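Since the structure comes first, as structure tokens, the remarks are kept for the end.
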Amino acid sequence: MRLILLGPPGAGKGTQAVTLIENLQIPHISTGDIFRANIKNETELGKEVKSYLNEGKLVPDELTIRIVWDRLDQEDCKDGFLLDGFPRTIPQAEALGIGLKERGLELDRVINIDVPKEVLVKRLAGRRVCKGCGATYHTDYKPTKVEAVCDLCGGEVIQRDDDKEATVLNRIEVYESQTKPLIDYYEEQNLTLNVDGTEPVEQLSAQILQALKDA
Ligand code: AP5
Ligand code: MG
């Protein structure tokens, strides 16, 4: 299956991706994760994108599209993929559509996770991530068993640089102006599956998997 996870910052895209890729046996491609890994490893790409991420701005389309196609053209994406955080602008969606068409491929579904703004701010303020394995926690909804230590790998659990309040508000604004129009864009192609992101994590995963099966 070729799927997109669409939704504002903090909607739960990364959280849902964990269950979806395990069930569907497809690779998880998160542009945010790719950029953060490059920043951590101090690569040329990392140096180029660092300020965009820290300020909650979008990385330029041309660069982002190139990175995504480099990844999608790898062998493990041959039979499907789950895109998380891409596309985020109409030009990115158009470039994805054109590239897929050139390769004789089609998207199956765009899962749109809807969550009200007040909830997003609370989720991002409390989100914590493992520096080692990337597992996601929340200070209130999903705390680690031992303070700041990952339950899964024992790594250090920290706050993401772009989860500070001012940056969070900026990211939500960028979403509203640049990414939200993609809901209608994919609605017109009959690809959108709208889901309520305020449902408990496991319940929402089950709902999405069922809807994908029924389609
Ligand atoms: P990216 O990493 O994609 O961040 P984002 O879209 O802002 O989304 P998040 O990762 O913050 O949220 P999420 O939806 O994954 O939520 P999560 O599951 O963690 O992008 C970061 C930056 O990279 C961008 O700002 C930009 O600079 C750049 N970038 C990336 N892609 C780009 C592109 N295509 N073009 C240009 N620039 C790009 O959950 C959040 C919290 O909520 C967690 O604590 C979790 O435990 C909790 N939670 C999740 N689900 C539930 C639930 N159902 N109930 C209760 N709590 C829940
Ligand atoms: Mg994420």
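The values are calculated or read from the model by the stated rules, or taken from the named source; none is laboratory data. None of the values given here were measured: they were computed from a predicted structure. All Cβ positions, even for glycine, are placed from backbone atoms using ideal geometry, and neighbour counts span all protein chains on display. Accessible surface areas use protein heavy atoms only, side chains included; no ligands, DNA or RNA. Shrake-Rupley method; radii C 1.70, N 1.55, O 1.52, S 1.80 Å.
When the helices in the chain are scored as -39500 (n - 2.57) per DSSP H run of 4 or longer and the sum is shared across all residues, what 222 nm value do you end up with, to the nearest 500 deg cm²/dmol? Don't skip to the end; give the middle numbers.
Details: 9 runs with 100 residues, N = 215.
So the helix-based figure for the chain works out to -14000 deg cm²/dmol.
Summed over the residues of the chain and divided among them, the accessible surface reaches 54 Å² per residue at a probe radius of 1.4 Å. In this calculation the C-beta distance from Glu94 to Gln210 is compared with R0 = 35 Å, giving a FRET efficiency of 0.70. Ranked by the mean number of other Cβ atoms within 10 Å of their residues, highest first, the peptides 78-86, 38-46 fall in the order 78-86, 38-46. Here is the short version for the chain: Cys77 have no other Cys C-beta closer than 4.7 Å.
The 3J(HN,Hα) values that the Karplus relation (6.51, -1.76, 1.60; θ = phi - 60°) gives for the stretch 25-31 are, in residue order, 6, 10, x, 9, 10, 10, 5 Hz. Gly and Pro appear as x.
Can you classify the chain as rounded, prolate or oblate using the Cα gyration tensor, where a ≥ b ≥ c are the square roots of its eigenvalues, rounded means a/c under 1.5, and otherwise it's prolate if a/b beats b/c and oblate if not? Rounded shape, in that the Cα axes give a/c under 1.5. For the pair Glu55 and Thr43, the difference between a 0.36 nm per residue extended length and the Cα-Cα distance amounts to 2.4 nm.
At a 10 angstrom cut-off on C-beta neighbours, averaged per residue, how do the peptides 26-34, 116-124 rank from highest to lowest?
26-34, 116-124
Normalised by the number of residues in the chain, what is the relative contact order in percent for Cα pairs under 8 Å and 6+ residues apart?
30 percent
Each Lys and Arg Cβ is given +1 and each Asp and Glu Cβ -1; about its Cα centre, the chain then shows a dipole of about 440 debye.
Surface composition of the stretch 1-120: carbon plus sulfur atoms hold 48% of the accessible area, using a 1.4 angstrom probe and ignoring ligands, DNA and RNA. Our note on the geometry: Cα centres of the stretch 60-104 and the stretch 1-55, 13 Å apart.
Rounded to the nearest 20 debye, the dipole magnitude of the stretch 102-215 is 460 debye, with +1 charges on Lys and Arg beta carbons, -1 on Asp and Glu beta carbons, and the Cα centre as origin.
Going through the cross-link list Lys78/Lys164; Lys131/Lys180; Lys40/Lys142; Lys13/Lys50; Lys101/Lys131, which pairs have a Cα-Cα distance over 28 Å in this structure? Write down the numbers at each step before the final one.
Values: Lys78/Lys164 37 Å; Lys131/Lys180 30 Å; Lys40/Lys142 25 Å; Lys13/Lys50 21 Å; Lys101/Lys131 37 Å.
As for pairs spanning more than 28 Å Cα to Cα, those are Lys78/Lys164; Lys131/Lys180; Lys101/Lys131.
Please give the residues of the stretch 185-215, grouped as numeric ranges, whose backbone N is less than 17 Å from a label point set 7 Å along the Cα-to-Cβ vector of Thr136. Flagged as within label range: 195-209. Between Trp69 and Leu24, the modelled label-to-label distance comes to 2.3 nm, taking each label 7 Å out from Cα in the direction of the beta carbon. Figure legend: label point modelled 7 angstrom from the Cα of Val119 along Cα→Cβ; residues of the stretch 174-197 with amide N under 14 Å from it are 194-197.
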